[in-house]
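Structure first, then comments.
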Amino acid sequence: MATKRRPIRPNVGGGGPQMNFRPGGPEIGRSESKGTRPTAPPTSIREIFVMMVMHVCKKTIFFDTNLKVALYLGSLFLVSLIGDFIPFPKTYFARSDNLFNVFFVKVGWGWTLLFTVPFLAMTSYTLCCGDMKKLLRHHAPRIIIATFFWFFWTKLFNIIETSYGKCTIRSFQTKSTCLKAGHLWSGFDISGHAFILIHSSLVLIEEARPIIKWESIKEHLRNELHDRSVSEQSSTNPLRNLNEEQMKNLKFLYERLTPVIRTLFIGMAALQLLWDVMLVGTMLYYHRMIEKFISGIIAIFTWYFTYRFWYRSTGVLPDPAGSGDFFYQRENKDTFVFKRNNSMTSAPSTSSGIRSGANSNSSGPSSQVPKFMGMPLYTSPRASNNNSQVVNPNNDTLF
């Protein structure tokens, strides 16, 4: 009598005949699991609202700087030239005693310092992991230099007007006596208002750049602390070269100062927008075209010389805004690493990662994921395996 033949199941590793395992199957080629990475805590409604406000502010203040500079020069020339021949209709902004002119523009550099100084101090102190000497040596001089140029140029403008002008009544030889007598002093009055507004706007834009990808530091901290707790070392985390003391200081400062840094950044974005609005009023109603155009050229030249040439030169202090003991921003047209030096296009190798780039972390097409307000909705598998942050290849660096 014939019997049914049952399929023979391989007995691997001493298991019983019921062991359902086939050698050489897909499990053999699968990489060994190294554990589960920590996930971000749930996002509150308040946090979502703050991120929405931050997103709008970043879109406002980080408008293409090169295009903004071109718009400044083009508007100063064209709008001012039209105003010299065709008077614009008078509005509230045409009055020299308007609220914005008296309480903001006339003390414009003071308002700029009010927001920029604490923002620079807090962001740089955090990025330097609590090293006050690095803050004072590598970052604080930027504000001192910007203040020097503001004082130097505005004083020079006043000297030129006073020295080469004349009173409508020739018996008065000085500007002060002429004005006290109720007469007009006619001179080449280079627009100090146009200079202050453009200079302040560009300084605000440059000093606000540390906020780009600031939120990614939280993810780097979470992943690095996890890796150290399980005795693993990531090859891509920008915090991997920090010692324990630096990690402790960074975590404490980041959590403590981030709410204040966000508030200051929102104020900087609002102030920069106000300066642009007041600049339009200056174009329409004050000074002649040549006086405004020259002041605009001087302001833009000062910005370019300091922030685009001086601070980005290799081995020269001070450092650009956003530098520190680690590198957390990608190289693109809006970050401080733009054309600083050739070494920034290589993978970071030291704890001062700011001197090197992050192309080794760049993502291919497989890492493109949907985003909401610049933030990835989920992490791609490749990013999870490499412990790297997903980056939009279109240079979207708002978050």
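One table, with the values for the structure above:
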read-out	value
Helices (runs of 4 or more DSSP H) completely within the stretch 208-306 that count 2 or more residues being under 27 Å from Ile82 (Cα atoms), in contact (Cβ under 8 Å) with a residue 24 or more places away in the chain and open to solvent by less than 60 Å² (accessible area, probe 1.4 Å)	244-285, 289-303
Long-range neighbours under 8 Å by Cβ, at least six apart or interchain, first residue surrounded by 10 or more Cβ atoms within 10 Å (Cβ to Cβ) within the stretch 24-51, second at pLDDT below 50 and in a helix (DSSP H, G or I)	Arg37/Ser384
Residue among Thr116, Thr147 that alone is assigned to a helix (DSSP H, G or I), within 22 Å of the chain's Cα centre (by Cα), under 21 Å from Ile190 (Cβ atoms) and of a type in the set (S, T, N, Q)	Thr147
Check on Ser75, in contact with a Lys or Arg (Cβ under 8 Å, 6 or more places away or on another chain), in a helix (DSSP H, G or I), surrounded by 15 or more Cβ atoms within 10 Å (Cβ to Cβ) and in contact (Cβ under 8 Å) with a residue 60 or more places away in the chain	no
Residues that are open to solvent by 10 Å² or more (accessible area, probe 1.4 Å) and at pLDDT 95 or above, drawn from the stretch 173-198	Ile196
Candidate set from the stretch 164-191 (those that are of a type in the set (Ser, Thr, Tyr) and touching a His at 6+ places or on another chain (Cβ under 7 Å)); member that is nearest to Ile300 (Cα to Cα)	Ser191
Filter result for Arg170 (of a type outside the set (S, T, N, Q), in contact with an Asp or Glu (Cβ under 8 Å, 6 or more places away or on another chain) and either surrounded by 14 or more Cβ atoms within 10 Å (Cβ to Cβ) or not in a helix (DSSP H, G or I) (or both))	no
Residue tally, condition out of contact with any helix residue (DSSP H, G or I) (no Cβ under 8 Å at 6 or more places or on another chain) and surrounded by 12 or more Cβ atoms within 10 Å (Cβ to Cβ), over the stretch 157-167	2
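The values are calculated or read from the model by the stated rules, or taken from the named source; none is laboratory data. Not measured: the values here are computed from a predicted model. We place every Cβ from the backbone using ideal geometry, glycine too, and count neighbours over all the protein chains shown. Quick note on the areas: whole protein, heavy atoms, side chains included, nothing else; ligands and nucleic acids left out. Shrake-Rupley method; radii C 1.70, N 1.55, O 1.52, S 1.80 Å.
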